[in-house]
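The values are calculated or read from the model by the stated rules, or taken from the named source; none is laboratory data. If you're wondering where the values come from, they're calculated on a predicted model, not measured in any experiment. Glycine gets a Cβ as well: all are built from the backbone with ideal geometry, and neighbour counts include every protein chain shown.
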Amino acid sequence: MTSIPQRLLGEALIISSIKNSTKTAIITGENEFSFGSIKEDSLKLAHYLVDAGLEKGDRVAIYMNNSWQSVISIYGATLAGAVFIVINPQTKANKLQYILNDSGAKILISQSSLKPELLLALKETKDIQRVILTEDERHMIRGLKAELIDFDDVLSKSNISVNLPKIIPNDLAVLIYTSGSTGFPKGVTMTHQSMVFITWSLIEYLRLTKRDRILVTLPLAFDYGLYQLFMAITIGGTLILEHSFNFPPIIFKKIEKYRPTVFPGVPTIYAIMIATHKKTGLTFDCFEKITNTAAALPIEYILDLKKIFPNALIFKMYGLTECKRVCYLEPELIDLKPASVGKAIPGTEVFLLSPDGEPVPDGVPGILHVRGPHIMVGYWNNEELTKEMLKQGTIPGEKILCAQDWFTMDEEGYLYFLGRNDDIIKTRGEKVSPIEIEKIIYKINGIKEVAVLGIPDKILGESIVAFITTHSEEQMKEKEVQQECLAQLEIFMVPQKIVFLKDMPKSSNGKINKMELKKTYIDNEDGRDI
């Protein structure tokens, strides 16, 4: 059989369903769904959307927990030529309303169990015409201008004779809303072409095959979670889709039952697993690959991760939503270059420039710039911010992405993350990377998680405060941490204060929420009540 080239995001599902119609594509809860059934239901939804008046380029918002319906909604929307938006189910009404209004979404697909936030958000939305609900509790939702429809009714009553629109690779596929340092989230626009390119680049360097089973505990609203779906569908593998990592014992039982081969995690998840390992000896021999992004993986985690995942390659990675993924470190180099996040992903280039736009020598800090087919078109409805991030390239008309993050690069071209531009601490006239301080503190025995922040100070400019959680219940002393820092760092880099916490505040994506830490600390002056 002649191979079918993939040009559009939704074509991966069509191709894989032809090759593997009866194979399990998605496992969620106790249910399994084949490639054939996912394709058929996605096409039914696509035909319904077009028959309901959706035009190519219209936005479809998806606000629900990870589920087979969320998978159908994503592929149904993209096959209908829509631009889909996956919204984290933990999103509150004010932010949900902002995203719906900013995107101009016409159709919202959600679930009745989220109705408290849903009702509040929909009171002031401008463009939503229809709301499709995955649980038929329409009688409990009243007073909305939008038409309410049951998800199962949509699939059973779809008119498959309706022609789907022609889509080309340059058409927009998705709006991914990502939080900024202040204010409401900004919408990153990605085309079919860029997303297909990224998916295959990830598959290549992660060495994925159709026999892989990917366990996802991250929300599909998080691009790290979303691309696990795209990779699994594209390679003809299996996605084990969980709501979250909130109940680790349940996840551990699922691992024993389904024996996945790939685990995408973030440092906060790995911290929980390491703590469990130290208490119970937790190990999983089924995994062949584990990956990390979203936040830097502390070097000190690596030895424990090798014990928990004895047969797995460990992939350290770095990326940002505006291009999905920037670089990765080959797992064979994890011991040789443990502090590095590697080189550019296949088919792309990276380089460092000074704030004046000049190339920087090896080992000198510079701002990361990214070149390739994977960078965003721009921010939705925000030309000014787009101009800050997308710069003129060397080829006429080409745009390159300025990541606004600081790195160094060694003589072999490997990248080392120093910190986000907004995270760099200015103290005593010096610029300090919080990552560098965090690395030192992680070396102290018993440390679980660390977050270093700059707090406004009239004398220093910013004072350095380190927030720490530990593995043991016994709290270490502030001076112990400061002495370790003093032994390995310049004096201006030593934290002026150490704050011990029981738990770190986390974002919905599992990252340490530094904004919340900073606000709470400042609100409480000295942090004693944090």
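Just to be sure, is residue 69 crowded, with 24+ Cβ neighbours inside 10 Å, part of a helix (DSSP H, G or I), polar (S, T, N, Q) and in contact with a Ser or Thr (Cβ under 8 Å, 6 or more places away or on another chain)?
yes
Taking residue 314 as meeting all but one of (1) part of a strand (DSSP E or B); (2) touching a Phe, Trp or Tyr at 6+ places or on another chain (Cβ under 8 Å), write down the number of the exception.
Just one mismatch for residue 314, condition (2).
Right, residue 209: in contact with a His (Cβ under 8 Å, 6 or more places away or on another chain), at pLDDT 95 or above and either basic (Lys, Arg) or more than 28 Å from residue 62 (Cα to Cα) (or both) or not? Break it down into steps so the answer makes sense when it comes.
Working: in contact with a His (Cβ under 8 Å, 6 or more places away or on another chain): no; at pLDDT 95 or above: yes; either basic (Lys, Arg) or more than 28 Å from residue 62 (Cα to Cα) (or both): yes.
So residue 209 does not fit the description; no.
Quick check on residue 422: is it outside any helix (DSSP H, G or I), acidic (Asp, Glu), at pLDDT below 85 and under 26 Å from residue 368 (Cα atoms)? I'd like the intermediate steps shown before the answer.
Working: outside any helix (DSSP H, G or I): yes; acidic (Asp, Glu): yes; at pLDDT below 85: yes; under 26 Å from residue 368 (Cα atoms): yes.
Against the criterion (outside any helix (DSSP H, G or I), acidic (Asp, Glu), at pLDDT below 85 and under 26 Å from residue 368 (Cα atoms)), residue 422 qualifies.
Among the candidates 251, 160, which residue alone is over 26 Å from residue 5 (Cβ atoms) and either within 23 Å of the chain's Cα centre (by Cα) or outside any strand (DSSP E or B) (or both)? I'd like the intermediate steps shown before the answer.
Details: 160 fails: over 26 Å from residue 5 (Cβ atoms).
Just one listed residue meets the conditions, 251.
Cβ-Cβ distance below 7 Å, separation of 6 or more or different chains: which pairs start in segment 261-285 with a residue that is of a type in the set (Asp, Glu) and end on one that is surrounded by fewer than 19 Cβ atoms within 10 Å (Cβ to Cβ) and part of a loop (DSSP other than H, G, I, E, B)?
Filtered contacts from segment 261-285: 285/310; 285/311.
Count, please, the residues in segment 489-512 that happen to be surrounded by 15 or more Cβ atoms within 10 Å (Cβ to Cβ) and modelled with pLDDT of 90 or more.
9
Taking the condition farther than 30 Å from residue 6 by Cβ, at pLDDT 95 or above and not assigned by TED's automatic domain parsing to the domain that holds residue 507, does residue 102 pass?
Values: farther than 30 Å from residue 6 by Cβ: yes; at pLDDT 95 or above: yes; not assigned by TED's automatic domain parsing to the domain that holds residue 507: yes.
Spelling it out, residue 102 is indeed farther than 30 Å from residue 6 by Cβ, at pLDDT 95 or above and not assigned by TED's automatic domain parsing to the domain that holds residue 507.
Can you find a residue in segment 35-45 that is among the hydrophobic types (A, V, I, L, M, F, W, C), surrounded by 22 or more Cβ atoms within 10 Å (Cβ to Cβ) and assigned to a loop (DSSP other than H, G, I, E, B)?
For segment 35-45, residues among the hydrophobic types (A, V, I, L, M, F, W, C), surrounded by 22 or more Cβ atoms within 10 Å (Cβ to Cβ) and assigned to a loop (DSSP other than H, G, I, E, B): absent.
Restricting to segment 460-488, name every residue that is at pLDDT below 85 and of a type in the set (A, V, I, L, M).
460, 476
Please go through segment 74-129 and pick out each residue that is of a type in the set (Asp, Glu) and under 22 Å from the mean Cα position of the chain (by Cα). Show your work before the answer.
From segment 74-129, those of a type in the set (Asp, Glu) are 102, 117, 124, 127; that's our starting set.
The one that is of a type in the set (Asp, Glu) and under 22 Å from the mean Cα position of the chain (by Cα): 102.
Within segment 11-19, can one find any residue that is β-branched (Val, Ile, Thr), over 27 Å from the mean Cα position of the chain (by Cα) and under 17 Å from residue 210 (Cα atoms)? Please lay out each step first, then the result.
Taking segment 11-19 as the starting set, the residues that turn out to be β-branched (Val, Ile, Thr) are 14-15, 18.
Within this subset, residues satisfying the condition of being over 27 Å from the mean Cα position of the chain (by Cα) are 18.
From the residues that got through so far, the ones that are under 17 Å from residue 210 (Cα atoms) too are 18.
Within segment 11-19 (the criterion being β-branched (Val, Ile, Thr), over 27 Å from the mean Cα position of the chain (by Cα) and under 17 Å from residue 210 (Cα atoms)), the answer is yes, since at least one residue qualifies.
Say whether the condition of being surrounded by fewer than 18 Cβ atoms within 10 Å (Cβ to Cβ), assigned to a strand (DSSP E or B) and not aromatic (Phe, Trp, Tyr) is met by at least one residue in segment 352-360.
So far as segment 352-360 goes, yes, one or more of its residues are surrounded by fewer than 18 Cβ atoms within 10 Å (Cβ to Cβ), assigned to a strand (DSSP E or B) and not aromatic (Phe, Trp, Tyr).
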